[in-house]
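S.K.: Input: one structure, supplied below.
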Amino acid sequence: MGSLEGSLEGRTAIVTGAGSYAGQGAAEARLLAEHGAAVVVADLPGSEGERVAAELARPGRFVPLDVTDEAAWDALAENVLAAYGRIDVLVNNAGVWLDEGLTGTSPEQYRRVVEINQTGVYLGMRAVVPAMRAAGGGSIVNTCSTAGLKGGGMPFAYAASKWAVRGMTRAAAHEHAGDGIRVNAICPGVIDTPMIEGGAENRARLAGFIPSGRLGTPEEVAELVLFLAGDGSRYITGAEIAIDAAVTA
Ligand SMILES: NC(=O)c1ccc[n+]([C@@H]2O[C@H](COP(=O)([O-])OP(=O)(O)OC[C@H]3O[C@@H](n4cnc5c(N)ncnc54)[C@H](O)[C@@H]3O)[C@@H](O)[C@H]2O)c1
């Protein structure tokens, strides 16, 4: 551990979509716990969330959550407050990929991607902001993508949903800066997780488009989330930070 060791001591963090064992959310949950946070692993029932939570460095818990379910979000916030008394960090990480262009995307598919990637982020912020405001602050990290930084070459609904995450991040950051709540977006490039389809062959193909010549790891993204969650980033809010090895440079 580096200079940020213990930086989240006594704090509580919720990470959505953290039930994918080899995904970014699980890596983020692990690193936040290593740095002292009590972490709530929130993901769909049937995900690997129990296993992720059981292995955390600090006691955490798995809470089943569909990020599109408003009532489930409200119950989660209530439960976390009852159990820990505070919500310091929310990482909106849950997301789905749809590799389709405009005409190949059905209205039903479009709505599903937007409902999870976009509305889910809104509902998460909506659920935790009152508690953060009452406590004098907090840090929200929204997972965008390089698909939220450009349109060219990106799947249609996925890009639309991620651009919306950027807009929500800026609007919420501006609105709640005076409450001590920071809201930032991370924009990962190609990260080696179960979301990347097609096995080794596709990974090698994708690496060919990346200036550094390799995919990123979930652990590398987790380092950025840790920084944004903790006080080292206290003057950063409303930002969108690419973590893409110069793909969008
Ligand atoms: N892997 C990449 O290259 C990449 C690049 C940029 C951005 N992202 C984003 O990073 C985030 C994490 O993705 P990942 O790469 O770790 O993929 P992943 O598929 O490993 O993890 C995604 C997780 O989201 C969960 N999820 C999906 N729908 C949900 C819902 N309705 N409610 C709760 N949880 C739900 C899944 O169960 C899964 O655990 C996503 O928002 C994704 O769009 C990924």
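The values are calculated or read from the model by the stated rules, or taken from the named source; none is laboratory data. This structure is a prediction, so every number in the text was calculated from the model and none was measured. Glycine gets a Cβ as well: all are built from the backbone with ideal geometry, and neighbour counts include every protein chain shown. The protein model used for the area step is the full one, side chains on, heavy atoms only, and it has no ligands, DNA or RNA in it. Shrake-Rupley method; radii C 1.70, N 1.55, O 1.52, S 1.80 Å.
S.K.: For the structure I just gave you, tell me whether VAL114 is within 13 Å of the ligand (Cβ to nearest atom), at pLDDT 95 or above and surrounded by fewer than 19 Cβ atoms within 10 Å (Cβ to Cβ).
M.R.: It is true that VAL114 is within 13 Å of the ligand (Cβ to nearest atom), at pLDDT 95 or above and surrounded by fewer than 19 Cβ atoms within 10 Å (Cβ to Cβ).
S.K.: A further question on this structure: Checking the conditions here, which among GLY152, GLY124 is open to solvent by 40 Å² or more (accessible area, probe 1.4 Å) and either free of Cβ contacts under 8 Å to residues at least 40 places away in the same chain or within 12 Å of the ligand (Cβ to nearest atom) (or both)?
M.R.: GLY152 is the lone residue from the list that is open to solvent by 40 Å² or more (accessible area, probe 1.4 Å) and either free of Cβ contacts under 8 Å to residues at least 40 places away in the same chain or within 12 Å of the ligand (Cβ to nearest atom) (or both).
S.K.: Condition test on THR237, is it of a type in the set (S, T, N, Q), in contact with a helix residue (DSSP H, G or I) (Cβ under 8 Å, 6 or more places away or on another chain) and open to solvent by 20 Å² or more (accessible area, probe 1.4 Å)?
M.R.: Yes: the conditions hold for THR237.
S.K.: Within segment 155-180, track down each residue that is farther than 20 Å from ILE236 by Cβ and open to solvent by 40 Å² or more (accessible area, probe 1.4 Å).
M.R.: PHE156, TRP163
S.K.: In segment 181-220, which residues are part of a helix (DSSP H, G or I) and open to solvent by less than 50 Å² (accessible area, probe 1.4 Å)? Spell out the reasoning first.
M.R.: Within segment 181-220, the subset part of a helix (DSSP H, G or I) is 199-207, 218-220.
Of everything in segment 181-220, those that are part of a helix (DSSP H, G or I) and open to solvent by less than 50 Å² (accessible area, probe 1.4 Å) turn out to be GLY199, ASN202, LEU206, ALA207, PRO218.
S.K.: Of the conditions (1) polar (S, T, N, Q); (2) touching a strand residue (DSSP E or B) at 6+ places or on another chain (Cβ under 6 Å); (3) open to solvent by 60 Å² or more (accessible area, probe 1.4 Å), ASN92 clears all except one; give me its number.
M.R.: Checking ASN92 against (1) polar (S, T, N, Q); (2) touching a strand residue (DSSP E or B) at 6+ places or on another chain (Cβ under 6 Å); (3) open to solvent by 60 Å² or more (accessible area, probe 1.4 Å), the one that fails is (3).
S.K.: Taking segment 49-63 as the search range and keeping residues that are surrounded by fewer than 19 Cβ atoms within 10 Å (Cβ to Cβ) and under 20 Å from VAL89 (Cβ atoms), which one is modelled with the lowest pLDDT?
M.R.: Residues of segment 49-63 that are surrounded by fewer than 19 Cβ atoms within 10 Å (Cβ to Cβ), as a first pass: 50-51, 54-55, 57-59, 61.
From what is left, the residues that are under 20 Å from VAL89 (Cβ atoms) are 55, 57-59, 61.
On the way: GLU55: 98, ALA57: 98, ARG58: 95, PRO59: 91, ARG61: 97.
Among residues in segment 49-63 that are surrounded by fewer than 19 Cβ atoms within 10 Å (Cβ to Cβ) and under 20 Å from VAL89 (Cβ atoms), the one modelled with the lowest pLDDT is PRO59.
S.K.: Among the residues of segment 25-48, write down those that are open to solvent by 40 Å² or more (accessible area, probe 1.4 Å) and in a loop (DSSP other than H, G, I, E, B).
M.R.: LEU44, PRO45, GLY46, GLU48
S.K.: Across segment 127-149, which residue is farthest from the ligand (Cβ to nearest atom) among those that are over 18 Å from the mean Cα position of the chain (by Cα) and of a type outside the set (D, E, K, R)? Before you say what the answer is, go through the steps one by one.
M.R.: Of segment 127-149, the ones over 18 Å from the mean Cα position of the chain (by Cα) are 130-131, 133-137.
Narrowing the set further to residues that are of a type outside the set (D, E, K, R) leaves 130-131, 134-137.
Working: PRO130: 21, ALA131: 20, ALA134: 26, ALA135: 25, GLY136: 28, GLY137: 24 Å.
Of everything passing the filter in segment 127-149, GLY136 is farthest from the ligand (Cβ to nearest atom).
S.K.: Of (1) open to solvent by less than 60 Å² (accessible area, probe 1.4 Å); (2) within 16 Å of the ligand (Cβ to nearest atom); (3) not in a loop (DSSP other than H, G, I, E, B), ALA71 satisfies all except one. Which?
M.R.: Every listed condition holds for ALA71 apart from (1).
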